[in-house]
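The values are calculated or read from the model by the stated rules, or taken from the named source; none is laboratory data. No experiment lies behind these values; they were computed from the predicted model shown. FYI the Cβ positions are ideal-geometry reconstructions off the backbone, even for glycines, and counts take in every protein chain you see.
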Amino acid sequence: MTVIRGEAVRKSWGPTVALDGASFEIGKGVTGLLGPNGAGKTTLIGLILGLHKADSGTLTVLGRDPATAGPDVRGLLGYSPEHEALPPDTKAQDIVRQLAEIHGLPRKEATARASDVLQEVGLGEERLRPVGTMSTGQKQRVKLAQAMVHGPDIVLLDEPTNGLDPVQRDDMLDLIARIGSKLGMDVVLCSHLLEEVERVADAVVILDAGRVAKQGQMSDLAGSESELVINLDGPDVGSKVITRLKRRKVEARQENGELVVVLKNEATYDSVRDALASAGAGVRRMGRRRLRLEDVFFEERAGDPSTASSRPNGSAK
Amino acid sequence: MTSPVAGTGGGTGARILDRRYQRYTGPRKGQAHAIRRLTLHAFQRFLGLRRPGKYKIVPFTIGILCYLPTIAFIGIAALIPVNNGTALVSYSQLFGIISGLVGLFIVTTGPGGLIADRNSKSLSLYLASPLDRNTYLLAHFAALMGTLALVTVGPPLLYLLGSMFQGIGPAGVGAAAATAGKIVLAGGAIAAYYTALTMAVASVSNRAAQAGVLLFLALSIPDALVGAALLNSDAPDALLLLAPGTLPDELVRRIFGPVAGALQAPIEFHLATALVVVGTAGWALGALALVWYRYHRLDISR
């Protein structure tokens with residue numbers, strides 16, 4: 001089921017084109033909205049929230065146009081912005097309660113839920129501290145709490161792990177996964193960090209230079225192709241094996257002293273066995289490696305001359 | 001949110017309750033509720049409520065100061081009944097006497113709310129709710145107007161009650177109700193007027209202290225120039241319309257009627273009341289138009 005749908009969505013800020021005819025579908029579960037800085041992710045979030053109006057194209061959120069039904073749509077959305085957005089002199093519990101009330105919850109319900117949701121994100125007694133006295137990790141948790149306190153249909157999280165150390169990041173990603181799976185809210189996780197999306201998302205929409213470079217279920221995108229990594233015994237045997245594999249029309253390369261073979265189908269295994277045997281190569285270790293989202297991303301970028309030279313920040317590769 | 005997940009059985013009736021957060025699925029109130037809640041939260045914020053103690057010092061100190069002249073007049077009337085059964089000062093004069101303190105309350109308390117929401121970027125959270133820019137501004141207008149009404153309506157109402165208690169107030173329930181109505185009208189008009197001007201200044205400044213100074217200058221410099229022009233030349237009284245700090249005082253005088261004696265206004269303006277009303281409303285609407293323009297140009301998603 002599609003919860004957010006865009007068709008040829010275009011949005012410019014003066015001469016800068018932020019979204020250039022983006023067409024996409026976001027369904028149930030956790031969806032990663034992926035792309036380098038400047039790809040148009042934040043603009044798209046703004047359009048989903050009805051904060052801006054698209055120059056052209058159509059966008060529907062929960063079946064409604066956020067540009068015309070903004071208040072109704074926003075009542076069913078939760079939003080955690082990329083930037084700091086909490087008043088530093090207000091207690092975490094107070095600001096979460098206030099935002100719950102503003103999203104339509106009765107006062108008593110809002111008070112109880114603010115406390116519960118802050119406990120849920122790991123803030124116990126800290127919830128009674130002013131936000132300005134909190135660490136970056138705690139502030140990120142408060143932002144997440146205010147986005148989910150009113151039980152929205154969709155939670156929009158814009159770079160929720162910004163400024164977090166690896167342990168905090170792990171915790172945050174676990175929380176996000178729980179929101180999407182256990183609490184029944186659909187999540188749009190906006191990130192430029194591929195491994196984050198890979199870890200928690202069920203589906204992904206990859207934006208690049210305002211366009212949708214690729215989209216689909218994670219299993220379809222990242223799992224359609226995989227590679228066989230073989231650690232060979234003996235010098236110079238790798239090139240001999242590659243030559244024999246190429247004769248059998250099997251793609252292979254050497255990477256960090258290992259032989260990497262692209263697995264197209266089951267027959268590839270037979271070709272690898274035969275090539276190894278005819279080259280007289282011994283095998284120390286052999287294992288299958290799934291193609292990562294990162295590879296999909298760069299594969300797309302490599303095909304686009306305007307973006308082929310750059311990589312997203314934070315990429316581990 | 002608190003749901004039983006398992007029963008222990010037996011006759012005790014004890015149950016294990018799941019205290020973890022569960023998604024809210026109950027009824028949701030709409031945009032009007034959101035406006036009311038933000039109005040209340042902003043009102044509390046202006047007064048420093050639900051914030052650390054230091055934020056309460058200025059609004060409460062100056063707010064209490066605004067009531068002191070009224071309390072003093074009531075006290076004097078109680079101790080020294082010199083005025084043969086009439087109040088010491090008229091309401092118009094009382095407004096004039098406390099106007100300086102009210103001004104101080106406005107410049108110190110008023111601009112902070114809008115600016116804080118922009119600087120902390122919590123504006124983006126409010127606008128990601130059922131509120132939009134217009135309703136957000138409406139809620140802030142109502143909150144600030146309510147806050148200012150504490151010092152523009154409160155003291156004269158207290159004076160009315162004190163006067164009546166001592167038998168020097170309006171005679172009869174009807175007269176008292178009419179006076180109370182005039183107080184609410186005058187105090188409400190002043191609060192609304194200064195709310196509009198304060199929000200305009202707050203919309204063009206990023207620091208509360210700077211906005212307070214700007215507001216003070218905006219209210220005092222044109223008035224000083226107009227006052228000098230009117231006192232020292234044959235300039236037309238219509239110049240009053242260019243004095244944003246004096247116009248509301250004149251409006252109050254028109255509501256309560258002219259005053260004679262030592263505390264009468266230094267200048268009697270020969271200007272139609274309708275023109276005073278239109279002039280005051282013009283400044284307020286112009287200020288609100290500026291706020292609207294600034295907020296509709298504001299990029300709040302990045």
Legend entry - Residue count for the stretch B:136-162, restricted to those that are within 14 Å of the chain's Cα centre (by Cα) and part of a helix (DSSP H, G or I): 17
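Just for strands (runs of 3 or more DSSP E) wholly inside the stretch A:220-317: which have at least 2 residues that are at pLDDT 80 or above and more than 29 Å from A:P36 (Cα to Cα)?
Of the strands (runs of 3 or more DSSP E) lying wholly inside the stretch A:220-317, those with at least 2 residues that are at pLDDT 80 or above and more than 29 Å from A:P36 (Cα to Cα) span A:226-233, A:258-263, A:282-290.
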Legend entry - A:G21 being in a strand (DSSP E or B) and farther than 21 Å from B:L125 by Cα: yes
Inset, instruction - Scan the stretch A:36-67 for residues that are more than 14 Å from every other protein chain (Cβ to nearest Cβ), free of Cβ contacts under 8 Å to residues at least 60 places away in the same chain and closer than 22 Å to A:A213 by Cα and jot them down. - result: A:D55, A:S56, A:G57, A:T58, A:L59, A:T60
Legend entry - Hits in the stretch A:102-151 (condition: within 25 Å of A:I45 (Cα to Cα), in contact (Cβ under 8 Å) with a residue 40 or more places away in the chain, in contact with an Asp or Glu (Cβ under 9 Å, 6 or more places away or on another chain) and of a type in the set (G, A, S)): A:A145
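Does B:G169 satisfy the criteria of being away from chain A (no Cβ under 11 Å), part of a loop (DSSP other than H, G, I, E, B), in contact (Cβ under 8 Å) with a residue 12 or more places away in the chain and among the small types (G, A, S)?
yes
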Inset, instruction - Please specify each residue of the stretch A:152-189 satisfying the condition of being of a type in the set (G, A, S) and either more than 10 Å from every other protein chain (Cβ to nearest Cβ) or within 23 Å of A:G46 (Cβ to Cβ) (or both). - result: A:G163, A:A177, A:G180, A:S181
Inset, instruction - Return the residue satisfying two criteria in turn: it lies in the stretch B:27-42 and is out of contact with any Leu (no Cβ under 8 Å at 6 or more places or on another chain) and small (G, A, S), and of such residues it is nearest to the other protein chains (Cβ to nearest Cβ). - result: B:G30
Inset, instruction - From the list A:Q98, A:Q119, pick out the single residue that is at pLDDT 95 or above and within 10 Å of another protein chain (Cβ to nearest Cβ). - result: A:Q98
Inset, instruction - Return the total of residues in the stretch A:83-93 being surrounded by 21 or more Cβ atoms within 10 Å (Cβ to Cβ) and either within 7 Å of another protein chain (Cβ to nearest Cβ) or in a loop (DSSP other than H, G, I, E, B) (or both). - result: 4
Inset, instruction - With the condition kept exactly as written, say whether any residue in the stretch B:177-196 is under 17 Å from the mean Cα position of the chain (by Cα) and more than 17 Å from B:V252 (Cα to Cα). - result: yes
Inset, instruction - Output the number of the condition that B:Y194 fails; it satisfies all remaining conditions of (1) hydroxyl-bearing (S, T, Y); (2) out of contact with any strand residue (DSSP E or B) (no Cβ under 9 Å at 6 or more places or on another chain); (3) outside any helix (DSSP H, G or I). - result: (3)
Legend entry - Verdict on A:E25 being more than 7 Å from chain B (Cβ to nearest Cβ), touching a helix residue (DSSP H, G or I) at 6+ places or on another chain (Cβ under 8 Å) and acidic (D, E): no
Inset, instruction - Filter the stretch A:95-108 for residues that are outside any loop (DSSP other than H, G, I, E, B) and either in contact with a Phe, Trp or Tyr (Cβ under 6 Å, 6 or more places away or on another chain) or surrounded by fewer than 21 Cβ atoms within 10 Å (Cβ to Cβ) (or both) and give the result. - result: A:R107, A:K108
Legend entry - Residue match in the stretch B:103-110 (condition: farther than 19 Å from B:T147 by Cβ and among the aliphatic types (A, V, I, L, M)): no
Inset, instruction - Hey, can you tell me all the residues within the stretch A:35-54 that are surrounded by fewer than 22 Cβ atoms within 10 Å (Cβ to Cβ) and in contact with a Ser or Thr (Cβ under 8 Å, 6 or more places away or on another chain)? - result: A:P36, A:T42, A:H52
Inset, instruction - Answer yes or no as to whether A:T111 is part of a helix (DSSP H, G or I), β-branched (V, I, T) and within 11 Å of another protein chain (Cβ to nearest Cβ). - result: no
Inset, instruction - Exactly one condition in (1) within 14 Å of another protein chain (Cβ to nearest Cβ); (2) at pLDDT below 90; (3) farther than 30 Å from A:Q119 by Cβ is not met by B:I57; state its number. - result: (2)
Legend entry - Criterion violated by A:L128 - all others in (1) more than 11 Å from chain B (Cβ to nearest Cβ); (2) in contact with a strand residue (DSSP E or B) (Cβ under 7 Å, 6 or more places away or on another chain); (3) within 24 Å of A:I48 (Cβ to Cβ) satisfied: (3)
